[in-house]
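Visitor: Sharing a structure, written as structure tokens. Questions coming.
Just so it is clear, none of the values below were taken in a lab; they were calculated from the coordinates. Not measured: the values here are computed from a predicted model. Note that each Cβ is placed from the backbone with ideal geometry, even for glycine, and that neighbours are counted across all protein chains shown.
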């Protein structure tokens, strides 16, 4: 029965996080219909974490033994999370998704590089980590998937949304680096507490960045799509999503829960097609398959252990 509950929660998480990419796209609007936050994408991200940070802090007060980080090392970990995982990742992702050439599914596939990039950074920054020759091939295959997904035109490298896709790639790179730096710090802060304070700190940084680049609340167009998108991203994708994530992390472990990164893009493609009329391209599908293959090569031993465990049950 527990296995079915875990499977149900896993699918719920993939659905919620997959739909989040579509919610971002819907809340931003398009150049032809610049409703919502099209002209203020960084402010959009800031508003998301104003609400999500409060929701997550409430959960930390309820679930964590200590909802307040203690000591310089703990606050340094919070700062790393705020800068890289929340502020940099979401600012770059939201700006990247303003380009019509970057569909929700394409953004989700690029973000699916996270486990591969995290593995690469861990090999560089964590003393006990090492990379085998086959693991290096996995990194190369995953990177090839990102190139296929960007689908650059050699005669005009700035065409076809390439710059926007590179922004999304920079976003997930910041996220992966922040995750590894947090692990390297090993501050001993409970995940709920760390996430809550990083969200609040990241929200503050996003507001500063939005102000610095001239985004103002007065220019936000509060149409229904913007309101529902912000509510979904703040309460459902961040609040409920991280609740489910932390629950499954305790039950399944990091390797198995990381596989959600490869269920999210198909969910995003279906939701994006149903709600926004987005159709996945061949480059999106091939890039996704290469990224999955790269991850399988990198994590082949851990995946075999997980598979044997499932077979025994």
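Visitor: When you count, for each residue, the other Cβ atoms within 10 Å and take the mean per peptide, how do 47-58, 99-110, 213-224 rank with the highest first?
Guide: 99-110, 47-58, 213-224
Visitor: Using label points projected 7 Å from each Cα along Cα→Cβ, tell me how many nm separate residue 289 and residue 247, to one decimal.
Guide: That separation, rounded to one decimal, is 3.5 nm.
Visitor: Further question on the same structure: Suppose each label sits 7 Å from its Cα in the direction of the beta carbon; what would the residue 70-residue 125 distance come out to in nanometres?
Guide: In this crude label model, residue 70 to residue 125 measures out at 2.6 nm.
Visitor: So what is the relative contact order for the stretch 3-94, in percent, with contacts set as C-alpha pairs under 8 Å and at least six apart?
Guide: For the stretch 3-94, the relative contact order is 23 percent.
Visitor: To continue, here is another question. Over the Cα atoms of the stretch 178-257, how large are the radius of gyration and the largest Cα-Cα distance (Dmax), in Å?
Guide: 16.2, 45
Visitor: Now a separate question. So how much slack lies between residue 191 and residue 163, counting 0.36 nm per residue of separation and subtracting their Cα-Cα distance, in nm?
Guide: Here the segment from residue 191 to residue 163 would lengthen by 6.7 nm.
Visitor: At 0.36 nm per residue, minus the direct Cα-Cα distance, what do residue 137 and residue 62 gain on full extension? Give it in nm, one decimal, please.
Guide: 22.6 nm
Visitor: For residue 217 and residue 274 in the same chain, what is the full-extension length gain: residue separation times 0.36 nm, less their Cα-Cα distance, in nm?
Guide: Additional length available on full extension: 17.5 nm.
Visitor: What spacing in nm lies between the two simple spin-label points modelled at residue 6 and residue 227, each 7 Å away from Cα in the Cβ direction?
Guide: Reported label-point gap for residue 6 and residue 227 is 4.2 nm.
Visitor: Let me make sure I get this right: for the stretch 30-105, a, b and c are the square roots of the gyration tensor eigenvalues over alpha carbons, sorted descending. Under 1.5 in a/c it's rounded, otherwise prolate if a/b > b/c, else oblate. Which is it?
Guide: prolate
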